[in-house]
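Derivation of every value follows stated rules applied to the coordinates shown; laboratory data play no part. Since we're looking at a predicted model, the values are computed, not measured. Methodologically, a virtual Cβ is constructed for each residue, glycine included, from the backbone with ideal geometry; neighbour enumeration extends over all protein chains shown.
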Amino acid sequence: MKNLHTIYLGGGCFWCTEAIFRSIKGVASVESGYMGGNNSHPTYEEVCSGTTGHVEVVKVKYDEEEISAADILEIFFDLHDPTTLNRQGDDVGTQYRSVVFYTEEIQKFEVELLIKKLNRSLETSGKKVVTELVPASEFYPAEEYHKEYYKNNSSAPYCQLVISPKLEKLQKQFGDKLN
């Protein structure tokens, strides 16, 4: 991998988002953590309280020669609900908001294009994309027990009920982009 770029994605619980992007060709690494809040080095418990302003995110490093920012973003927007404010399924709170923290202007441009396209397709539903788009700020890695959560806990009820169906959808819709 030669041409590495970084983007930070928040689409609900970072366990789900991490499991999805670990499966994608061209993704060099995925790390769960926190971003966007107002205190340094937050803990999981602090973030879950909803008082820090941080969101659960994954830091995705990808090789542009193998997968484009547009493809990364298409997968991201397709595998979570970008129209629900501060919620993904039963995960509720500002720490689960839909957000893209970009590190390059091209990423910002790609997100803006995709949101316009999605909003056009949603016109008749009355829904609208609520995903925030902001420049990346300080990233704080999550505690060790969150790393590779699905891989290490795939039989846990949350993994079976929430993450496994997302991975099945990923396989069905983006099978050509998987490792």
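Taking amide H as placed 1.01 Å from N in the peptide plane, the amide H of Tyr34 sits under 5 Å from that of Val57, Tyr140, Ala142, each at least 5 places away or on another chain. Would you mind checking Lys59/Lys128; Lys59/Lys147; Lys2/Lys59; Lys61/Lys127 for any pair whose Cα atoms are more than 23 angstrom apart? Violating the 23 Å Cα-Cα cut-off are Lys59/Lys128; Lys61/Lys127. Taking amide H positions as modeled 1.01 Å from N, with prolines and chain starts lacking one, the residues under 5 Å from Tyr102 and 5 or more places away or on another chain are Val134, Ala136. GNM on the chain, alpha-carbon springs under 10 angstrom: the most fluctuating residue among Phe14, Phe76, Phe109 is Phe109.
Of the trypsin sites (Lys or Arg not before Pro) found in the stretch 1-62, those in coil by DSSP whose Cβ has at most 14 other Cβ atoms within 10 Å are Lys2, Lys25.
Before rounding to the nearest 500, sum -39500 (n - 2.57) across all DSSP H runs of length at least 4 in the chain and divide by the residue total; then give [θ] at 222 nm in deg cm²/dmol.
Mean residue ellipticity, 222 nm, calculated: -9500 deg cm²/dmol.
Only Cα sites of the chain enter the Debye sum here, all with the same form factor; the resulting log10 I(q)/I(0) across q = 0.18 1/Å is -1.25, listed in q order.
Averaging the Cα positions of each part gives two centres, and for the stretch 41-70 and the stretch 149-179 these lie 18 Å apart.
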